[in-house]
Structures are given as structure tokens and as C-alpha cells.
Amino acid sequence: MKSKTVIEAIGVNGWKRLHHFRHYYSAGWGDGSGKPLSPRALEMFYRFLEFADFTGDTKPSVFLTDQGCIELCWEDASGKAVQIEFLPAEIEFYIESQDSEGSVPNSALS
């Protein structure tokens, strides 16, 4: 995925955070137990952005989890929370407006 597309999807601040996360090469960040960014989780995150269409003026917030995975959080058009965590083998999600949470294998990304 091109950097311009990433910046368009998650904004400049999100891109800066993601760039920063990519430089955690060893475990021990945060409180000492944080793992480095998972290359597979990052790949799934980039693939998701190819399909994602975020509505509204606010870009999603980007987080690095203690397990070394990427999490996106934003509000949908109705102001309800949406959270997606990209793990090496699956994607976990929570959609407040649908009172829905679960996971899907990475192969179901499209």
C-alpha cells in the first residue's frame, strides 16, 4: 500500500503513530511486556485499508497492542464505536451499533 493512501485513510497523526510502531524491533516497550509489531498483523492492516471507507471528518485512532498487533478505533456515522484488531491469523471486531463482536480469519478479509 502506498504511503499516500495510508495517510488518506488514517490521517497524518495515524500514519506517524504507525511509523513509530514499526520501529519497535524488540520486546519490552510500554510497561516492559510489549511485543514488537507483528509483520503479519501489519500486512492484514494494510490489506484492510484497501477496502476501508471511513465516513465523517475524524480519522480512526491507531494503537499498538501489547501483543504487537494493530488496533483501529473510530466512530461510525451514528457516533457509535467501531474497533478492529489485526492479529497474525485473524481479525477481531466490535461494532457497537450492531451490538456485535467476534473474529474472522484473515482469509475472510475481503
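Each value in this text was obtained by applying a stated rule to the coordinates, not by laboratory testing. What you see is a predicted model; the values in this text were computed from it and never measured. Heads up, the Cβs are rebuilt from the backbone with ideal geometry, glycines too, and the neighbour counts pull from every protein chain shown.
Remarks
- Nearest-ten-degree value, helix 3-21 long axis tilted from longest Cα axis of the chain: 40 degrees
- Virtual spin-label span in nm between Ser107 and Arg40, 7 Å along Cα→Cβ: 1.3 nm
- Restriction of the chymotrypsin sites (Phe, Trp or Tyr not before Pro) in the stretch 5-110 to DSSP coil positions whose beta-carbon has at most 16 other beta-carbons within 10 angstrom yields Tyr24, Tyr25.
- Rounded to the nearest 500, the helix-only mean residue ellipticity at 222 nm of the chain stands at -9500 deg cm²/dmol, with each DSSP H run of n ≥ 4 adding -39,500 (n - 2.57).
- For the chain, the orientation-averaged shadow of the C-alpha convex hull comes to 6.9 nm² (one quarter of the hull surface).
- Linear extension gain, His23 paired with Ser61, 0.36 nm per residue minus alpha-carbon span: 11.8 nm
- With the charge dipole of the chain set up from +1 on Lys and Arg Cβ and -1 on Asp and Glu Cβ about the Cα centre, the Cα lying farthest toward the positive end among the listed residues Leu42, Pro105, Ala77 is that of Leu42.
- Magnitude of the charge dipole for the stretch 3-108, about its Cα centre and with charges confined to Cβ atoms of Lys, Arg (+1) and Asp, Glu (-1), is about 600 debye.
- Rounded to the nearest 10 degrees, the angle from helix 39-51 to the longest Cα principal axis of the chain is 20 degrees.
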